[in-house]
Amino acid sequence: MEALSRPIINHRGAEFHRFYEQLIEKAKKLFTTEGDVVILSSSGTGGVEAAVQNLIRPGDKAVVPVFGEFSERLADLLEFAGGSAVRVAAAYGDAPSIAEIEDTFRRNKDAKALFVVYNETSTGVAFRQLKQAGEIASANGAFFVVDAISNFAGDELPVDHYGVDICITGSQKCLAAPPGLALLSIGRRARKSIEENRRSSLYFDISRYLRYLERKETPFTPCLPLFYALDEAINMIFEEGLANRIVRHKRCSDALYEAFEILGLQLFAKRQVRSTTVIAVEQPENVSGKQFRETLDEKFGISVAGGFAELSDKLFRVGCMGQVNREHVLSTLAAISSALSMLGFENPKEAALGAAEEKLKGL
Ligand code: PLP
């Protein structure tokens, strides 16, 4: 928040050049990539749209696992670009298997890309076999694009090691900066293809960003206060250490999952695909989702989200990302337990908090 209030400088001047160059270097380190990084003054969706528009031409086929709202949107974006999305669907609460993806490629040898949402925020499901998915894409000569908007820097994602050609994230989730920026890592192979492709967007023309990167500038006016805040957020990540941060996310989510089960709640995601950054819980029958969320907000100052579309009142989702810590986890659990009791769902609060504390030991 302090970084946001730094004075605005000329974004075509030497001071900006120095600032931007070191910011991009730090972002590359975070992506663990030898490729390039571009930062767009747009929210995460702009980053996803940029990846699609720059790689997919009318008639191109792309495989996309669909298991929630954001992967549905991704498939729609591929079609808006004139591509054909080959959907590999899974029931909400689960993710498609690697065998299904392999089989889809077997039946679609001409697929140009595999687009995967790593963490399906709408259902609290993570697609855990990212490395194997990258190997399948590579074996088929297809690009591998990952939307890691809601778990980048909270979950393992060594971009080059996993064979990711383009990885997209947003500033406001696990990076814990304010909303409004999209970051994309662009591997060498993706860069070549993007530079050879006919342009289909001006604002989101990645090749233009890459050209301007050489002179340490962005092609269009950057949202400077957000760039400052992102820079500070990345400094904070390195101070903590990326590996430590990933462990912290995992330990906090383990505590939440365990405590929710003890409270007598049903978890929405299957065990092997549970997200470590978004915890989706089934709303208990006889407790209205809307009333529950309002009680939490008004009486305890804790916000949780409902589900999307038809899941709106069937789920509540707890964010477990960014600066999440022991205090957040325990106060959220205590508030959820109390709100449920107030609405007639009795639950063993002490046992749940005790189990969570056990999981959080040392944090
Ligand atoms: N993709 C995923 C997985 C998301 O979680 C989100 C936002 O929550 C988006 C895309 C869209 O990002 P934004 O709302 O920043 O445009």
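None of the figures in this text is laboratory data; all of them are computed from the coordinates on show. What you are looking at is a predicted structure, and each value in this text was computed from that prediction instead of being measured. Reconstructed Cβ throughout: ideal geometry from the backbone, glycine too, with neighbour counts over all protein chains shown.
For the range 3-240, give the magnitude of the charge dipole about the Cα centre (Cβ charges: +1 Lys/Arg, -1 Asp/Glu; no others), in debye to the nearest 20. It comes to approximately 740 debye.
With 17 Å as the cut-off, how large is the P(r) tail for the range 304-363, expressed as percent of Cα-Cα pairs? Every Cα pair in the range 304-363 considered, those over 17 Å come to 50 percent.
In the chain, the longest principal axis of the Cα atoms and the axis of helix 326-342 are about 50 degrees apart. When +1 charges are put on Lys and Arg Cβ atoms and -1 charges on Asp and Glu Cβ atoms, the dipole computed for the range 15-129 relative to its Cα centre reaches about 220 debye. Think of the range 106-199 as a dipole: +1 on every Lys or Arg Cβ, -1 on every Asp or Glu Cβ, centred on the Cα centre; then among Pro158, Ala126, Ala142, Ala142 lies furthest on the positive end.
Computed from the C-beta positions of Asn244 and Glu34 and an R0 of 22 Å, the FRET efficiency is 0.40 to the nearest 0.05. Relative to its Kirkwood radius, the Cα radius of gyration of the range 242-359 gives an Rg/Rh of 0.94.
With the charge dipole of the chain set up from +1 on Lys and Arg Cβ and -1 on Asp and Glu Cβ about the Cα centre, the Cα lying farthest toward the positive end among the listed residues Leu175, Ala355, Leu265 is that of Leu175. Calculated on C-alpha atoms, the gyration radius of the range 21-148 divided by its Kirkwood radius gives an Rg/Rh of 0.96. For a modelled paramagnetic label at Glu135, 7 Å from Cα along Cα-to-Cβ, the residues of the range 80-115 in reach, with backbone nitrogen under 19 Å, are 96-107, 114-115. The equivalent ellipsoid of the range 188-287 has semi-axes of 41, 20, 14 Å, largest first, where each one is the square root of 5 times an eigenvalue of the Cα gyration tensor.
I'd like the FRET efficiency for Asn286 and Glu261, computed as 1/(1 + (r/R0)^6) with the beta carbon distance as r and R0 of 25 Å, rounded to 0.05. Walk me through the intermediate numbers first.
Numbers: r = 19 Å, r/R0 = 0.76.
The computed FRET efficiency comes out at 0.85.
Beta bridges assigned by DSSP with both partners in the chain are antiparallel in approximately 55 percent of cases.
In the P(r) worked out for the range 71-141, what percent of Cα pairs fall beyond 15 Å? When every Cα pair of the range 71-141 is considered, 54 percent fall beyond 15 Å. Distance between the pseudo-spin-label points of Arg57 and Ser97 (7 Å out from Cα toward the beta carbon): 3.7 nm. In this calculation the C-beta distance from Leu363 to Met1 is compared with R0 = 22 Å, giving a FRET efficiency of 0.40. What is the range 153-211 by shape, rounded, prolate or oblate, if you read a ≥ b ≥ c off the alpha carbon gyration tensor as root eigenvalues and call it rounded for a/c under 1.5, prolate for a/b larger than b/c, and oblate otherwise? Taking the square roots of the gyration eigenvalues as a ≥ b ≥ c, the range 153-211 is oblate. With respect to the chain, whose longest principal axis is taken over its alpha-carbon atoms, helix 44-55 is tilted by about 40°.
With the simple spin-label model, which puts each label point 7 Å out from Cα in the Cβ direction, the Arg189 to Ser43 separation comes to 3.2 nm.
Rounded to the nearest 10 degrees, the angle from helix 289-300 to the longest Cα principal axis of the chain is 80 degrees. Using Cα-Cα distances under 8 Å and only pairs 6 or more residues apart, what relative contact order does the range 212-363 have, in percent? This gives 27 percent for the range 212-363.
Based on DSSP H segments of at least four residues, each scored -39500 (n - 2.57), the chain has a per-residue ellipticity at 222 nm of -14000 deg cm²/dmol.
Seen from all directions on average, the range 230-279 presents a Cα convex hull projection of 4.2 nm². Projected label points at Arg199 and Arg18, each 7 Å from Cα along the beta carbon direction, are separated by 3.2 nanometres.
After finding the eigenvalues of the alpha carbon gyration tensor for the range 3-240, what semi-axes result from the square roots of 5 times each, listed largest first in whole Å?
Working: eigenvalues 177, 74, 44 Å².
Each semi-axis is the square root of five times an eigenvalue, giving 30, 19, 15 Å.
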